[in-house]
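Heads up: the structure comes next, in structure tokens.
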Amino acid sequence: MFKLKYFELIRTLAVIFIAMLLSMLCITLISKQPMETMRVFLLEPFSSMSHFGNVIEVAIPLMFTGISVSLLFKMKMFNLGAEGIFFFSGLVAAAVGIQNGLNAFVHPLAAIAAGGVVGAVISVIPGVLKAKWNANELVTSLMFNSILLGVGLYILNYFLRDASAYTTSSYKIQQTAVLARIIPGTRVHIGLIVVLVFIALAHVFLYKTRWGYELRMTGANREFAEYSGIKTGRVIVYVHLLAGFVAGVGGSVEVLGMHPRFDWVALPGYGFDGALVAMLAKNNPAAVVGSAFFLSYIRIGAEMMSRYSDVPAEMIAVIQSVILLLVSADQFLKFWKNRMLLKEAQKNG
């Protein structure tokens, strides 16, 4: 039973090992100095506090979207709307952050709360469509991503754009709204504490509350959950509300913590990355931390590698593709699981 209990963990570690092994093979084939390139890729992110700070900075938005998507995936809702919500809520937070007249305590709270509420409102629309009319949540969420991008760029260009800036960007965010740094020598901001609190709350919600139990039961078998008296339509709506709020807070925190202006002119990609983080974490909020840090670590390693060696950073796409392929492949190592189940049955029989 020990092996069965930790099968998914072993399976995930095997996926990561294969992906890293493939990356080493690619480096060997491409680089003129493969050993030095591997050293840079694997160790450079830990070579200084500044580089390690970069890993944490990249991990923060990945953790936010990873939690958001994992809540939906736990319900068997393949919703990718966190991408558009992250973008649009960041714009809303920037719009609040641009305003004068608020102190340094209230200003960031107001901006983050506004982004979170907007994210929840947007997210609940596909949830209601799914609960009442069984609309495909993947289709509706992807459509909303495009809509939010278009509407967001319109608002940025016609209401928030700073004409004196050389790029398409908003007016400067007021210093009172900027999130404080918490690690000297890095840009790591208080958003790290916020996301860790969210992860803890998500874990408690999923595994220690009645609402979390209803969510897990609905995801496991919706018909059985309805037969048991769970109002699954209501569960679908509130999980979309929660996921949208988390993604909205994440977009707000990213803008206020890392950007002096809102300057995204395309979807940032964090929502889609959140799906990979959630899949690696097996939709477990506690495991989102490790998954997000691993993904940010290999990205920073690839960036350092592109600077100090002859291998381009695009190699990271190969690693992510292999991870996504193997994690989503139900048959990967399933023969081993079936063999363990058979042995356990024979032992008990």
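The values are calculated or read from the model by the stated rules, or taken from the named source; none is laboratory data. Predicted model, so just to flag it, every value in this text is computed and none were measured. When we count neighbours, we look across all protein chains shown, and the Cβ atoms used for this are built from the backbone with ideal geometry, even at glycine.
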Quiz item: Could you say which residue among Glu57, Glu36 is over 20 Å from Leu276 (Cβ atoms) and part of a helix (DSSP H, G or I)?
Solution: Glu36
Exercise. Taking the residues in the stretch 184-213 that are touching a helix residue (DSSP H, G or I) at 6+ places or on another chain (Cβ under 6 Å) and in a loop (DSSP other than H, G, I, E, B) as candidates, determine which candidate is farthest from Phe73 (Cα to Cα).
Key: Gly185
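If we scan the stretch 269-278, do we find a residue that is over 30 Å from Gln175 (Cα atoms) and either among the acidic types (Asp, Glu) or surrounded by 24 or more Cβ atoms within 10 Å (Cβ to Cβ) (or both)?
Our first condition is that a residue be over 30 Å from Gln175 (Cα atoms); within the stretch 269-278, this holds for 272, 275-278.
The next check asks that each one be either among the acidic types (Asp, Glu) or surrounded by 24 or more Cβ atoms within 10 Å (Cβ to Cβ) (or both); those that pass are 277-278.
Looking for residues that are over 30 Å from Gln175 (Cα atoms) and either among the acidic types (Asp, Glu) or surrounded by 24 or more Cβ atoms within 10 Å (Cβ to Cβ) (or both), one finds at least one in the stretch 269-278, hence yes.
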Practice problem: Assess whether Leu22 counts as being among the aliphatic types (A, V, I, L, M) and without any contact (Cβ under 8 Å) to a residue 60 or more places away in the chain. | Solution: no
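With respect to Met77, determine if the residue is in contact with a Pro (Cβ under 9 Å, 6 or more places away or on another chain) and modelled with pLDDT under 95.
Working: in contact with a Pro (Cβ under 9 Å, 6 or more places away or on another chain): yes; modelled with pLDDT under 95: yes.
Considered against the rule, which asks whether it is in contact with a Pro (Cβ under 9 Å, 6 or more places away or on another chain) and modelled with pLDDT under 95, Met77 comes out as yes.
Conditions tested, residue by residue: (1) within 23 Å of Thr232 (Cβ to Cβ); (2) modelled with pLDDT of 95 or more; (3) of a type outside the set (Phe, Trp, Tyr).
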site	(1), (2), (3)
Leu109	no, yes, yes
Ala113	no, yes, yes
Val118	no, yes, yes
Val124	yes, yes, yes
Phe144	yes, yes, no
Val151	no, yes, yes
Practice problem: For the stretch 282-349, please list each of the helices (runs of 4 or more DSSP H) lying entirely inside it that holds at least 2 residues being within 25 Å of Gln33 (Cβ to Cβ) and at pLDDT 75 or above. | Solution: 285-308, 315-328
Practice problem: Taking Leu256 as meeting all but one of (1) at negative phi; (2) over 11 Å from the mean Cα position of the chain (by Cα); (3) surrounded by fewer than 23 Cβ atoms within 10 Å (Cβ to Cβ), write down the number of the exception. | Solution: (3)
Quiz item: Just checking, how many residues over the stretch 126-139 are without any contact (Cβ under 8 Å) to a residue 60 or more places away in the chain and either on the phi > 0 side of the Ramachandran plot or part of a helix (DSSP H, G or I) (or both)?
Solution: 4
Practice problem: Kindly indicate the residue of the stretch 279-316 that is within 14 Å of Pro61 (Cα to Cα) and aliphatic (A, V, I, L, M) and also surrounded by the fewest Cβ atoms within 10 Å (Cβ to Cβ) among those meeting that condition. | Solution: Val289
Exercise. Just need a number here: residues in the stretch 140-173 that are assigned to a loop (DSSP other than H, G, I, E, B), under 26 Å from the mean Cα position of the chain (by Cα) and of a type in the set (Ser, Thr, Tyr).
Key: 2
Exercise. Select, from Phe41, Phe73, Phe78, the only residue that is touching a residue at least 24 places away in the same chain (Cβ under 8 Å), part of a helix (DSSP H, G or I) and over 19 Å from Ile298 (Cα atoms).
Key: Phe73
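Would you please name the residue that is nearest to the chain's Cα centre (by Cα), looking only at residues in the stretch 259-305 that are among the small types (Gly, Ala, Ser) and closer than 25 Å to Met49 by Cβ?
Step one: filter the stretch 259-305 for residues among the small types (Gly, Ala, Ser), giving 266, 269, 271, 274-275, 278, 281, 286-287, 290-292, 296, 301-302.
In the following step, the residues that additionally are closer than 25 Å to Met49 by Cβ were identified as 290-292, 296, 301-302.
Details: Gly290: 12, Ser291: 9, Ala292: 7, Ser296: 11, Gly301: 19, Ala302: 19 Å.
Residue satisfying both the conditions and the ranking: Ala292.
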Quiz item: For the subset of the stretch 84-102 comprising residues that are among the aliphatic types (A, V, I, L, M) and in a helix (DSSP H, G or I), which member is farthest from Phe159 (Cα to Cα)?
Solution: Ile85
